[in-house]
Amino acid sequence: MSEKKAQLVIDGKEAAIELPVYTGSTGPDVVDVQSLVSQGVFTYDPGFVSTASCDSDITFIDGGKGVLLYRGYPIEQLAEKSNCLETCYLLLNGELPNAESSTEFAQQISSHINVDEQVHHVFNGFSHDAHPMAMLIAAVGGLAALYHDSLDIDNAEHRMQVAHRIIAKIPTLAAMCYRHGINQPFVEPHGTLGYAENFLHMMFGTPGADPQVSPILSKAMDTIFLLHADHEQNASTSAVRLTGSSGANPYACIAAGIAALWGPAHGGANEAVLKMLYEIGDESHIEDFILRAKDKDDPFRLMGFGHRVYKNFDPRAKVMCQICDEVLDDLGVHDDPLFRIARKLEKIALEDDYFIERKLYPNVDFYSGIILKAIGIPTSMFTVIFATGRTPGWISHWNEMLSHPYRIGRPRQLYKGHTKRDYP
Ligand code: CMC
């Protein structure tokens with residue numbers, strides 16, 4: 001039980017309400033307000049700015065210091081020393097795998113990588129110019145229709161099987177979104193390839209031909225997936241948890257996460273960054289865009305800047321910037337105009353009082369778009385890539401929630417509408 005207490009005095013009441021205060025392994029304490037409903041009051045926190053919605057052991061962020069830990073390991077160390085699949089295992093199981101479990105996990109994922117022929121029909125129902133995120137939501141939600149027989153969400157083994165399935169199939173589905181969009185036949189995954197390597201093969205390979213994927217680009221792709229793998233209780237992860245709290249099928253939960261990710265304030269920002277850089281077009285126009293971003297009467301915001309949690313450099317953005325250099329070097333693009341605009345924009349914004357006062361720094365999306373574009377991935381696929389990378393995090397949160405007692409998520413409201421009135 002909690003030793004620390006908070007006291008809340010509500011106007012007009014004599015006795016203070018005593019609330020337990022909990023301390024996590026690190027990070028701010030939290031005040032447990034669950035008993036307030038019995039006192040006839042709710043807490044009010046639009047946007048969940050001060051609300052912890054759950055306990056979690058998966059990811060820790062210190063936004064003030066620019067720290068991101070997966071299961072305690074700093075993201076920079078994982079990006080340098082680990083790889084995407086090992087990190088998926090870590091998120092899902094809590095510890096890094098040993099050599100044997102690493103091989104076993106890779107085999108598990110590989111055994112689930114193909115999708116049923118039926119799924120092809122989902123894509124065929126879409127026109128070729130459909131947004132790939134719309135196709136991804138439909139395809140992932142559609143998996144619920146195929147893989148529902150051995151799915152008991154209260155059974156830990158079943159949950160793990162689902163996690164493996166979804167982690168394995170999401171790159172295949174993502175690549176299918178792209179191939180359908182360009183009206184080209186799907187490329188089957190190849191048994192000998194690594195996770196990100198296979199994804200690039202399914203995107204850009206030729207059906208039936210031997211895979212030819214650049215090791216630098218597949219390493220970059222692998223790191224992009226790893227950097228996106230989890231980010232604690234953001235909008236999409238919260239959507240997955242909220243959906244899962246009703247006992248919904250996990251594929252439906254992941255589809256809900258993908259839908260929440262789509263918006264430009266969340267995963268859609270990487271697409272918006274590139275559009276913005278194109279719109280800026282030339283370094284001489286940067287100042288105009290900075291002025292627009294600062295103008296309260298203009299809805300324009302600098303895409304790829306600012307974050308609800310980070311009030312410092314997003315540690316993922318630092319790694320992204322480094323990969324960006326490596327990828328552009330590998331591709332011989334030494335003087336990419338978009339990269340030049342991005343670097344200059346970053347420099348100007350970081351020296352501008354408006355951005356300094358509000359602690360607005362580049363976030364993960366600022367550089368990821370430039371890398372993805374250099375790899376040859378079209379802008380409309382950027383958020384699909386984010387969703388592919390984030391899936392291990394979503395499914396780990398879903399599994400964590402179902403591993404402990406949980407209740408359906410059901411926020412309340414401050415009602416400001418009409419009081420009761422009669423129909424005229
Ligand atoms: N450009 C200009 N001004 C900004 C920006 C920006 N990108 N971001 C925030 N501000 C200003 C905002 O106008 C407000 O100013 P004031 O205090 O004068 O009213 C102040 O900074 C605080 O902003 P907020 O909207 O209260 O912050 P938030 O925590 O609600 O929003 C955010 C966070 C990420 C939605 C926002 O910073 C934003 O819209 N950024 C651009 C979109 C973007 O890059 N999103 C990707 C986020 S990282 C990927 C992910 O994890 O999903």
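The values are calculated or read from the model by the stated rules, or taken from the named source; none is laboratory data. None of these values were measured; they are calculated from a predicted model. Here the Cβ is made from the backbone with ideal geometry for all residues, glycine too, and neighbour counts use every protein chain on show. All accessible areas refer to the heavy atoms of the entire protein, side chains included, with ligands and DNA or RNA removed. Shrake-Rupley method; radii C 1.70, N 1.55, O 1.52, S 1.80 Å.
Table for the structure above
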quantity	calculated
Condition met for Pro299 (assigned to a loop (DSSP other than H, G, I, E, B) and either more than 9 Å from the ligand (Cβ to nearest atom) or polar (S, T, N, Q) (or both))	yes
Residue in the range 201-223 that is under 19 Å from the mean Cα position of the chain (by Cα), surrounded by fewer than 19 Cβ atoms within 10 Å (Cβ to Cβ), more than 16 Å from the ligand (Cβ to nearest atom) and assigned to a helix (DSSP H, G or I) present	no
Residue list for the range 258-276, filter: at pLDDT below 95 and away from the ligand (no atom under 11 Å from the Cβ)	Leu274, Lys275
Any hit, the range 374-394, residues being modelled with pLDDT of 90 or more and within 20 Å of Lys294 (Cα to Cα)	no
Residue in the range 407-414 that is farther than 30 Å from Gly40 by Cβ and away from the ligand (no atom under 16 Å from the Cβ) present	no
Output for the range 245-276, where each listed residue is assigned to a loop (DSSP other than H, G, I, E, B) and under 13 Å from the mean Cα position of the chain (by Cα)	Trp262, Gly263, Pro264, Ala265, His266, Gly267, Gly268
Some residue of the range 388-403 being under 27 Å from Gly257 (Cβ atoms) and open to solvent by 40 Å² or more (accessible area, probe 1.4 Å)	yes
Matching residues, the range 154-184, being out of contact with any Leu (no Cβ under 7 Å at 6 or more places or on another chain), β-branched (Val, Ile, Thr) and in a helix (DSSP H, G or I)	Ile166, Ile167, Ile170, Thr172
Restricting the range 258-294 to residues that are aliphatic (A, V, I, L, M) and more than 19 Å from Thr383 (Cα to Cα), the residue that is surrounded by the fewest Cβ atoms within 10 Å (Cβ to Cβ)	Leu291
Subset of the range 304-321 [more than 12 Å from the ligand (Cβ to nearest atom) and under 14 Å from Arg358 (Cβ atoms)]	Asn312
When residues of the range 224-257 are limited to those that are hydroxyl-bearing (Ser, Thr, Tyr) and open to solvent by 20 Å² or more (accessible area, probe 1.4 Å), the one nearest to the ligand (Cβ to nearest atom)	Ser238
Filter pass, Thr383 being away from the ligand (no atom under 13 Å from the Cβ), within 18 Å of Asp222 (Cα to Cα), part of a helix (DSSP H, G or I) and open to solvent by less than 70 Å² (accessible area, probe 1.4 Å)	no
Test for Leu360: is it open to solvent by 10 Å² or more (accessible area, probe 1.4 Å), farther than 30 Å from Leu302 by Cβ and more than 17 Å from the chain's Cα centre (by Cα)	no
Cβ-Cβ under 7 Å pairs, at least 6 apart or on other chains, the range 37-66 side farther than 30 Å from Asn93 by Cβ, far side assigned to a loop (DSSP other than H, G, I, E, B) and open to solvent by 90 Å² or more (accessible area, probe 1.4 Å)	Phe42/Arg412; Tyr44/Leu414
Condition broken by Ile377, with the remaining ones in (1) open to solvent by less than 40 Å² (accessible area, probe 1.4 Å); (2) part of a helix (DSSP H, G or I) satisfied	(2)
